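What follows is a single structure, written as structure tokens, with notes after it.
The values are calculated or read from the model by the stated rules, or taken from the named source; none is laboratory data. Note that the structure is a prediction, hence the values are computed from the model and not measured. Cβ placement follows ideal geometry from the backbone for every residue including glycine, while neighbour counts extend to all protein chains displayed.
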Amino acid sequence: MGIFGALQSAVSGLKAQSHAMENISGNIANSQTIGYKRIDTSFVDMIPDAPVKQQIAGAVSSYSRSMNTLRGDIQNADTETYMALNGNGFFVTEKADGSGGTFYTRRGDFDIDRNGYLVNGAGYRLTGLGMNNGVVTGSVAEAVKIDNSFLPAKRSTTINYQLNLPQSPKTASYVSTTPGSELLKPWSYSGDYDGTPIAPKIDGMPGTPANVPAYGYGNVVNGSALASTLSIPDGSVLRFTIGTPPVDRDITFGPLAGQISTAAPVTIAGLLSAVEGALQGLTTDLEKVGIKDGRVFVQLEAGSPDALVVSGTAAPLLGLGAITSSIPPASYNSTNVPADQLGLALGGIHNKPLEITIGGVTRKYLLDATGTAVAGSGVVKVDATGSVKEMLDVIQADLRAYGGPDAGGATLAWDTTNGLVVNFPGNYRSNVSIGGAAASALDIADSMNAATGTLAEVSAANSELFVKESISGGGITVYSQTGEPVNVQMRWAKVSDEAGIATWSLFYASNSAPGATDAWTKMADYTFDQGVLSGITGGSGVTVSGTERLTINSLSINGRSFGSITVDHGLKGMTQFADNSGMATTTQLKQDGYGAGEFISVGISDEGQVIASYTNGETRAVAQIITASFSNPNALKRGDGGAYTATTESGEPIINQSGEGIVGSSTEASNTDISEEFTKLIVTQQAYSANTKIVTAADEMLQEALNMIR
């Protein structure tokens, strides 16, 4: 072909470089266009057919090469509806004018137009699948349209409630040194408690003689000491004047026959025993001359109304100068009746056991009416040689000190009207049992169960007391069918704790009106075994399902009914473990209702969902954005505004409904690299200039050829 072939090749080079220059200029022009994909230029040599030894370099042709798979930088955007694709794929769109067709784009600067559609800067509407209650309901993609109407209210049906209750609640009434002060005391709620609160009180009427016989105490003595230590001279007389009219009975001390010897080896105990024997031979009125509680003691027989006077020269040596007169029943009281006069009909109380059990605490006593009883291990010996009051005071003091928290106010008293009364005022929790031979003799062998009473409701009059004896369980707002809000305040009160089994009552504030009889209403009782919830007992109108949930069949607050509502605790959501704060620790408290809300904004989630937000704090997924990918995305046909259409070479779109790769509040920048384009610009310019030189040289050669014929 020669010079003409060279000229044609140069012209093809000029055309190819012009094509490349056009692409470079377009890339540079769109370097700031959102989602723009640059076009590169490829060159193909055009070789004419010729023998091998006559082949030439040939001409050149150019074609455009799309760079659709090369992602641009992801940039943050202030507009919540802007989005980018972090990966392959395209947004599926349609024209905003409704002219039809499906277009694919990487341009994600979508915003809401006046009709509520999401339209990008090039005028293409975003399409997606409709959603309802978080579930995709659409099967055909359609333009995403935002409905800015009010979100209707939803009635609350479930409260998810989980917490840990402290082992020892630090209520306002709690005193660390007072056991049981952390517990609710239903019996204190006058007019509110159900049932009959009972504080155990056991009484009996132990038998006493028709008269308490005359008696008297003398000197303190050692019964095993020799009688000679008393220094009673021979011939000394001990006179007992008994009865009305009085009759003297004389006992003489000395070595003669009929006298009481004080010579060794006679002991004081033996001496007094001899006096008792001799005197009983003179009268049937005498019961005792001997030693009682370490003292010389004289007493007439039980029930004797006779007077007793002890005189004579030996009386002051034995300390028997003062004798108590016989006491008739009308004058009996706990201070003047000897303890050993109780229960005589049943053999008396001396050396007999008495057991008193309060709850799980048992106190054991042995009553000693002579000062000679021996108590075993764990048994308290009670001196019964004095008055009834003195004996009861010893038992009372021991119960208060060691009988457990519910025996702290125990009282023991006796009088002829009420008999012997063992009382546990304020103890409405621990059962009481009294037993033993002494209990039978005293007529108090009995058992009585304590009863706290129960609280189903707390009136406004007792509300302040209730708040002091309970701890806060938190509060939550629930909604009616029309969106009316109401705050549900809850409080927990511990009502019992025995042997690791604790019971708590959950109340909610049901009526804030002054004078209301139902200021607080019990929801349920919760039983914990070693800190683990073992059972729930529902209050009135409450249905329980195992230990996981309960349902208030008709929640009423301040006279307004909010329908049935379920309180869901989950599988292990309620516990009772030690907490130094003494307060309830809430781990979950939420509900499923809400009031009506006004539309305020729309955004894109990480799952590629279009999320509408409302003034009530609720959000709703209104559409699932879909994306399309292609087997050969670089074969898509380019259109205005960064939109593409599918071609035979690109293949059919592969639709993805997962929202994978969608990034909200972002845009994808152009993938044009300015520095790279400038480099290509220089090369293209030089190549174009070189091709012009070939045209010039070929022209000059042709001119020389023409000049040959001149």
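Search the stretch 656-684 for residues that are within 28 Å of Ser629 (Cα to Cα) and pair each with any residue that is in a helix (DSSP H, G or I) and of a type outside the set (S, T, N, Q) when their beta-carbon atoms are under 6 Å apart and the residues are at least 6 apart or on different chains.
Glu677/Ile24; Glu677/Ile28
Residue by residue, here is whether (1) in contact with a Phe, Trp or Tyr (Cβ under 7 Å, 6 or more places away or on another chain); (2) surrounded by 20 or more Cβ atoms within 10 Å (Cβ to Cβ) holds:
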{"position": "Ala519", "(1), (2)": "no, yes"}
{"position": "Met523", "(1), (2)": "yes, yes"}
{"position": "Gln530", "(1), (2)": "no, no"}
{"position": "Gly541", "(1), (2)": "no, no"}
{"position": "Gly559", "(1), (2)": "no, no"}
{"position": "Ser564", "(1), (2)": "no, no"}
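Go through the residues of the stretch 392-413 one by one and say whether even a single one is within 20 Å of Asn336 (Cβ to Cβ) and at pLDDT below 95.
Within the stretch 392-413, none of the residues are within 20 Å of Asn336 (Cβ to Cβ) and at pLDDT below 95.
So which of Ser629, Ser675, Ser658, Ser670 is over 23 Å from Asp109 (Cβ atoms) and among the small types (Gly, Ala, Ser)? Spell out how you get there, then give the answer.
Details: Ser629 fails: over 23 Å from Asp109 (Cβ atoms); Ser658 fails: over 23 Å from Asp109 (Cβ atoms); Ser670 fails: over 23 Å from Asp109 (Cβ atoms).
None of the others qualify; the one that does is Ser675.
Any residue in the stretch 569-584 that is under 23 Å from Ser139 (Cα atoms) and either surrounded by 14 or more Cβ atoms within 10 Å (Cβ to Cβ) or not assigned by TED's automatic domain parsing to the domain that holds Ser512 (or both)?
Here is the first cut: in the stretch 569-584, the ones under 23 Å from Ser139 (Cα atoms) are none.
No, the conditions are met nowhere in the stretch 569-584.
Restricting to strands (runs of 3 or more DSSP E) lying wholly in the stretch 225-317: which have 2 or more residues that are touching a Pro at 6+ places or on another chain (Cβ under 7 Å) and aromatic (Phe, Trp, Tyr)? Reasoning before the result, please.
Values: elements: 237-242, 247-252, 286-292, 295-300, 308-311.
Per the criteria, no element qualifies.
Rundown of residues vs (1) farther than 25 Å from Ala84 by Cα; (2) of a type in the set (Asp, Glu); (3) crowded, with 16+ Cβ neighbours inside 10 Å, yes/no style:
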residue: Gly5; (1), (2), (3): yes, no, no
residue: Ala10; (1), (2), (3): yes, no, yes
residue: Leu14; (1), (2), (3): yes, no, yes
residue: Glu22; (1), (2), (3): yes, yes, no
residue: Ser25; (1), (2), (3): yes, no, no
residue: Thr33; (1), (2), (3): no, no, yes
residue: Ile39; (1), (2), (3): no, no, yes
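The rows are residues; the columns are (1) at pLDDT 95 or above; (2) surrounded by 13 or more Cβ atoms within 10 Å (Cβ to Cβ); (3) on the phi > 0 side of the Ramachandran plot; (4) touching a Phe, Trp or Tyr at 6+ places or on another chain (Cβ under 8 Å).
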{"site": "Ile626", "(1), (2), (3), (4)": "yes, yes, no, no"}
{"site": "Ala635", "(1), (2), (3), (4)": "yes, yes, no, no"}
{"site": "Ala643", "(1), (2), (3), (4)": "yes, yes, no, yes"}
{"site": "Glu660", "(1), (2), (3), (4)": "no, yes, no, no"}
{"site": "Lys680", "(1), (2), (3), (4)": "no, yes, no, no"}
{"site": "Glu704", "(1), (2), (3), (4)": "no, no, no, no"}
{"site": "Asn707", "(1), (2), (3), (4)": "no, no, no, no"}
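Which one of Tyr189, Tyr161, Tyr193, Tyr217 is of a type in the set (Phe, Trp, Tyr), modelled with pLDDT of 95 or more, on the phi < 0 side of the Ramachandran plot and touching a Lys or Arg at 6+ places or on another chain (Cβ under 9 Å)? Walk me through how you get there before you give the answer.
Numbers: Tyr189 fails: touching a Lys or Arg at 6+ places or on another chain (Cβ under 9 Å); Tyr193 fails: touching a Lys or Arg at 6+ places or on another chain (Cβ under 9 Å); Tyr217 fails: modelled with pLDDT of 95 or more.
After applying the criteria, what remains is Tyr161.
Every residue, every condition in (1) over 60 Å from the mean Cα position of the chain (by Cα); (2) at pLDDT below 90; (3) among the hydroxyl-bearing types (Ser, Thr, Tyr), yes or no:
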| residue | (1), (2), (3) |
| --- | --- |
| Ser9 | yes, yes, yes |
| Glu22 | yes, no, no |
| Ser25 | yes, no, yes |
| Ile28 | yes, no, no |
| Ile34 | no, no, no |
| Lys37 | no, no, no |
| Phe43 | yes, no, no |
| Pro48 | yes, yes, no |
| Pro51 | yes, yes, no |
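How about the stretch 608-644: which of its residues are free of Cβ contacts under 8 Å to residues at least 24 places away in the same chain and assigned to a strand (DSSP E or B)? Working first, answer last.
The initial filter retains those residues of the stretch 608-644 that are free of Cβ contacts under 8 Å to residues at least 24 places away in the same chain, namely 611, 613, 615, 617, 619, 631-632, 637.
Ile611, Ser613, Thr619, Lys637, listed by residue number.
Which ranges mark the strands (runs of 3 or more DSSP E) fully within the stretch 371-451 that have 3 or more residues being under 48 Å from the mean Cα position of the chain (by Cα)?
Values: elements: 380-383, 411-415, 419-423, 432-435, 446-448.
By residue number, 411-415, 419-423, 432-435, 446-448.
If you check every pair at least six apart or on different chains, which have Cβ atoms under 7 Å apart with a residue in the stretch 40-62 that is within 18 Å of Ala10 (Cβ to Cβ) first and a residue that is acidic (Asp, Glu) second?
From the stretch 40-62, the pairs are Gly58/Asp45; Val60/Asp45.
So for the stretch 113-121 (the condition being closer than 16 Å to Ser670 by Cα and in contact (Cβ under 8 Å) with a residue 12 or more places away in the chain), does at least one residue qualify? Break it down into steps so the answer makes sense when it comes.
Taking the stretch 113-121 and keeping what is closer than 16 Å to Ser670 by Cα, we get 120-121.
Filter once more, keeping what is in contact (Cβ under 8 Å) with a residue 12 or more places away in the chain: 120-121.
The answer is yes; a qualifying residue exists.
Applying the selection to the stretch 607-620, what residues are surrounded by fewer than 17 Cβ atoms within 10 Å (Cβ to Cβ) and over 34 Å from the mean Cα position of the chain (by Cα)?
Within the stretch 607-620, Glu607 is the sole residue that qualifies.
Restricting the search to the stretch 1-16, which residues are in contact with a strand residue (DSSP E or B) (Cβ under 9 Å, 6 or more places away or on another chain) and either of a type in the set (A, V, I, L, M) or more than 12 Å from Ala59 (Cα to Cα) (or both)?
The initial filter retains those residues of the stretch 1-16 that are in contact with a strand residue (DSSP E or B) (Cβ under 9 Å, 6 or more places away or on another chain), namely 5, 8-13, 15-16.
Matches in the stretch 1-16: Ala10, Val11, Ala16.
So, Phe43, is that one touching a Ser or Thr at 6+ places or on another chain (Cβ under 6 Å) and of a type in the set (Phe, Trp, Tyr) or not?
Details: touching a Ser or Thr at 6+ places or on another chain (Cβ under 6 Å): yes; of a type in the set (Phe, Trp, Tyr): yes.
The answer is yes for Phe43.
Among Gly58, Gly89, which is outside the structural domain of Gly123 (by TED's automatic domain parsing), on the phi > 0 side of the Ramachandran plot and surrounded by 12 or more Cβ atoms within 10 Å (Cβ to Cβ)?
Numbers: Gly89 fails: outside the structural domain of Gly123 (by TED's automatic domain parsing).
After ruling out the rest, the residue left standing is Gly58.
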